[in-house]
Each structure stands twice: as C-alpha cells, then as structure tokens.
1. Testing Lys45 on (1) surrounded by 11 or more Cβ atoms within 10 Å (Cβ to Cβ); (2) modelled with pLDDT of 75 or more; (3) not small (Gly, Ala, Ser), one condition comes back false. Which one is that?
2. Taking the range 117-171 only, how many residues are part of a loop (DSSP other than H, G, I, E, B), of a type in the set (S, T, N, Q) and in contact with a strand residue (DSSP E or B) (Cβ under 9 Å, 6 or more places away or on another chain)?
3. If you go through the range 123-139 one residue at a time, how many are surrounded by fewer than 17 Cβ atoms within 10 Å (Cβ to Cβ) and either modelled with pLDDT under 95 or of a type in the set (Ser, Thr, Tyr) (or both)?
4. Return the total of residues in the range 220-233 being buried (at least 17 other Cβ atoms within 10 Å of the Cβ) and either at positive phi or at pLDDT 90 or above (or both).
5. So which residues in the range 196-219 are over 14 Å from the mean Cα position of the chain (by Cα) and buried (at least 19 other Cβ atoms within 10 Å of the Cβ)?
6. Residue check: is Leu241 of a type in the set (A, V, I, L, M) and modelled with pLDDT of 95 or more?
7. Which residues, taken from the range 40-80, are among the aliphatic types (A, V, I, L, M), more than 25 Å from Phe237 (Cα to Cα) and more than 20 Å from the chain's Cα centre (by Cα)?
Amino acid sequence: MKLKYFIFFLLLFIFFESTSQEQENDIKVNSQFWGDYNVKYPLKKFKSISGLVGYRSISPHIYDNILLRAVYNIENKKSLKILKLEKPFINSYHLGARMNYIANQNFKDSFEFRLMQGIKFYIPSIKAIPLRNYIRFEERFQKTFDGSSWNVGFRFRYRISTVIKWKNHLFEFNKGIYIPINVEFFLNLKKVDRFNDVVRFSPGLGYKLNDDWKFELYASYHNTLNTAREGNTSNDFVIRLRIFKSNIKKETLPKTEEEQLKDLID
C-alpha cells in the first residue's frame, strides 16, 4: 500500500517536471518545486520553538531559493472574561524571523530578512473539519548584491487551513493518511522588489507515520506579483514536499477526534 502511494507521487513529480521543461523561458506561467524540513522543540510550559530549512526552485530555471525560519510559539490558555468563553478565542501567539538567499541565474543574487508576528485561532466549523485561521504581519528587508540599497516592505497574511480524515478511526489517530488543505491571501501594504504574493491555494495529501513524523505533499496554485510594478503577475504551479519532525512529548490524557485533527494542521 505504501509503495503504491510512493509510485503515484513519483510519477506525478516526473510529469510535472517534464511538462515544465516544454514551457518558454517566461515566468508568467511557471512550475516550481519546494521542499522543506520542519522541526519543533518544547521550551517552558506552553512554549516551544519551531524551525524550517527549505529549498525552492523554478522552471524555467532562473533562480534557486534557500531559506531558514525560526519561530517562538506561545500557547494561550486564558480567555477574556468579557467574552465569557469556556476556551480562549486566540489559541496561540507567534514571533519569528526568516532569511532567504536567492541565487539568480541571469542577474545578481539577492537576500531577504523577514520579521513576523502572528496569531492563530479557530472558528466554528463543520463537525470533524476544524478551520484554523492564521493572521500574520511581516516586515520585509530585501537586498540585491548590485550596489543598490535595502528595500523595505510590509504586508499582512491570512491563511485558513483544515485537514480531512481519510477514513474513520475508532481510536486515536496515531498513523495514516489525511488530506490537508489551505488557502492564503496577502495584503501588501508596501511592496518590495520581488515576491509580492497575492493568493495561494494548496490542497495536499499527508501521511502520519507516528507521533514524531509526518509527511505532506501539495499540488498548489499561486498568484504572485513578482516585482513592485503593477501587472507583472505570474501563475505559479507548485509541487511542495514537507517533512515534519516533532520533539514535543505526547500528552497522556486522551484527546477528542477534533483535537487529534487539529494537531495535524501546520
């Protein structure tokens, strides 16, 4: 069974790459491959740190993008008394930083440093389909190594994510296939020189190996404003492989089905 899914993913990737090579050298319609390795470590109670190491490439091959990200996560266990809610509305707070090095093929390389602050919360949803919202504000600092000065931008990001179980589980979901889906919108308050995203739609297929490891493969559509000039948008078709390693100890108390599904949402 595992071999069948592996062969399917491999054939999908080969098809994706072969069709991308036939396109003209024009990034207005392009294909991309993204891969990242994600880790998470506990700190004090209700606090953790997570990290990401990633690689991204595009066809036609005009750049390679290497990125690092670190985020400090704070779980919120307090609810505002005036709302009279049993559980807090905001589930967690996030503070982080990210660095990108873009190795360009046809012009000078560039670098981006990014700061981010965000919150995550859930809204009432269909039974067994949790909807998590992630609102994030980013300060972006870009530098091209051609003697130009730093370029500064600001934007909001809003992402709504869910997972759908592949089949019913009588007991805890500790292994198996699930379907992650997310949609993300970007509001660029001040654009930077490159990579001003507009919208992303990302359906995928995930597999939880155990409490420590899970894998997700996405076939996504992105619309991106590649430069600060209006109208210079592209349609990006992205295959993304994500690997997750968690070092958070499993809780001894049993979880509801909804809580188990929420744990799968990145």
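1. Against the list (1) surrounded by 11 or more Cβ atoms within 10 Å (Cβ to Cβ); (2) modelled with pLDDT of 75 or more; (3) not small (Gly, Ala, Ser), Lys45 comes up short only on (1).
2. Of the residues in that region, 2 qualify.
3. The number of residues fulfilling the criteria is 8.
4. Qualifying residue count for the region: 3.
5. Asn196, Lys208, Lys214
6. So Leu241 fits the description; yes.
7. Listed by number, the residues that qualify are Leu43, Leu80.
Residues are listed down the side, and each one gets a yes or a no for (1) exposed (fewer than 14 other Cβ atoms within 10 Å of the Cβ); (2) touching an Asp or Glu at 6+ places or on another chain (Cβ under 7 Å); (3) among the charged types (D, E, K, R):
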site: Lys77; (1), (2), (3): yes, no, yes
site: Phe111; (1), (2), (3): no, no, no
site: Gly118; (1), (2), (3): no, no, no
site: Gly147; (1), (2), (3): yes, no, no
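The values are calculated or read from the model by the stated rules, or taken from the named source; none is laboratory data. None of the values given here were measured: they were computed from a predicted structure. Cβ sites come from the backbone with ideal geometry, for glycine too, and all protein chains shown count toward neighbours.
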